[in-house]
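Below is one structure, written out as structure tokens; the observations come after it.
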Amino acid sequence: MKNFWLNATGKDEYDKRNKGVRPGECGHKKITFLFDSILEIMISYKKLGFVNTKKMLADAMKGHYAVPGYNFNNMEQLQAIVTACLETRSPVILQISKGAREYADQTLLRYMAQGALEMMKRLAKEKKLKPIPIALHLDHGANFEIAKDCIDSGFSSAMIDGSSLPYAENIKVTRKVVNYAHKRNVTVEGELGVLSGVEDDVRAEESHYTHPDQVVDFVKRTGVDSLAISIGTSHGVYKFKPGIKPHIRLDILKEIEKRIPGFPIVMHGSSSIPQEYVAMANKYGGDLEQAVGVPGDQLREAARSAVCKINIDSDGRLVMTGVIRKMLAEDKKIVDPRKYLGAAREALKQMYMKKNREVLGSAGQV
Ligand code: G3H
Ligand code: 13P
Ligand code: ZN
């Protein structure tokens, strides 16, 4: 046991911290050292260079813009997100869902995020730019165990999505994650109200708007740092019924803001589904009729108010799909994935830059 602790931190470090007192010599010191050592074995996001979302969201609240929460599952998406945010001078929250962890492997994804951060620092130096703040965030954490696992492996922020649970259970699991996360300075996003569409393990056919009357109680009892609400957005590319004008309930958002002024609100399901890419995908073999998203102007209005984080995943999927379909259809001899993935990556980067500049207002904020 003694050797283990000595090996874990090094003898000199051990002696420095414990002023020469070894385990067994002093009970209190031994316990303190044991706790410190356990924390050291877990990977700290600070050592990796990530930041939590506290300051990011507070700045967004003051500056009347929203920080992008962009999901990634693969290298090209990650490169596009990070370079777009660096070049537009936007903070960014890199989001990993449970599905992403399963698809790309949880260990690999975490190292990819770390690699992207190092790439960003190098590019910033080359371009003589200040590095941008990057948070690594678990999207739609379905239970305490997943959140804990991510926090222990270097995430700086975690969402616990108890929105499909009965209210009391949502509070209980969210509180548990907050207690664990806050000891490690990791920020937590909770969710109240249900979005329709696919949310990993959380699948809902119908949305239930967030009740403004519940938010104060939920925030107080859970201690969350930000709250995802349901005001008419939904996940995926099919957000609104055919023939219905896309519309989100900014009136509910206003009511929520009145109840908890200055508290950061998160909007999920906020892809706009650019119609040029729907048309591109359909022209080259796709069948995405009636794919409609949240209009950019409504997102911009939300971002000017208490909405400090806006989640976008489907737009990236659509852009990639459209470009890859086009490339493969136009050049039947392509065999090098770098050709079509590279083209998709460039189109993605342009889309994220446009989003930061014209929708979220996050461009130029760092
Ligand atoms: O909120 C849902 C995100 O778009 C993640 O989707 O579960 O397919 O990775 P996914
Ligand atoms: P979209 O499906 O609208 O991109 O929403 C993504 C999201 O909310 C991720 O949590
Ligand atoms: Zn979501």
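Taking the criterion of being under 20 Å from Ser362 (Cα atoms), hydroxyl-bearing (Ser, Thr, Tyr) and either modelled with pLDDT of 95 or more or under 16 Å from the mean Cα position of the chain (by Cα) (or both), would at least one residue in the stretch 105-118 satisfy it? Looking through the stretch 105-118, none of the residues is under 20 Å from Ser362 (Cα atoms), hydroxyl-bearing (Ser, Thr, Tyr) and either modelled with pLDDT of 95 or more or under 16 Å from the mean Cα position of the chain (by Cα) (or both). If the condition is being touching a Phe, Trp or Tyr at 6+ places or on another chain (Cβ under 9 Å), aliphatic (A, V, I, L, M) and more than 19 Å from Gly190 (Cα to Cα), then the stretch 239-289 contributes Ile273, Leu288.
Annotation: of all residues in the stretch 45-62 being of a type outside the set (A, V, I, L, M, F, W, C) and surrounded by fewer than 16 Cβ atoms within 10 Å (Cβ to Cβ), the one that is nearest to ligand 1 (Cβ to nearest atom) is Lys55. Just one residue in the set Ile260, Ile244, Ile252 is farther than 21 Å from Glu358 by Cα, free of Cβ contacts under 8 Å to residues at least 12 places away in the same chain, of a type in the set (Val, Ile, Thr) and away from ligand 1 (no atom under 16 Å from the Cβ); that residue is Ile244.
Within the stretch 84-118, the set of residues being closer than 20 Å to Lys355 by Cβ, more than 16 Å from ligand 1 (Cβ to nearest atom) and touching a Leu at 6+ places or on another chain (Cβ under 7 Å) comprises Leu86, Ala116.
Matching residues to (1) away from ligand 1 (no atom under 16 Å from the Cβ); (2) not hydrophobic (A, V, I, L, M, F, W, C):
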{"position": "Val266", "(1), (2)": "no, no"}
{"position": "Arg300", "(1), (2)": "yes, yes"}
{"position": "Cys308", "(1), (2)": "yes, no"}
{"position": "Ile324", "(1), (2)": "yes, no"}
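You will find that of Val319, Val294, the residue that is in contact with a strand residue (DSSP E or B) (Cβ under 9 Å, 6 or more places away or on another chain), in the same structural domain as Val92 (by TED's automatic domain parsing) and of a type outside the set (Gly, Ala, Ser) is Val294 and no other.
The values are calculated or read from the model by the stated rules, or taken from the named source; none is laboratory data. Keep in mind that this is a model prediction, so the values were computed, not measured. Neighbour counts run over all protein chains shown; Cβ positions are idealised from the backbone, glycine included.
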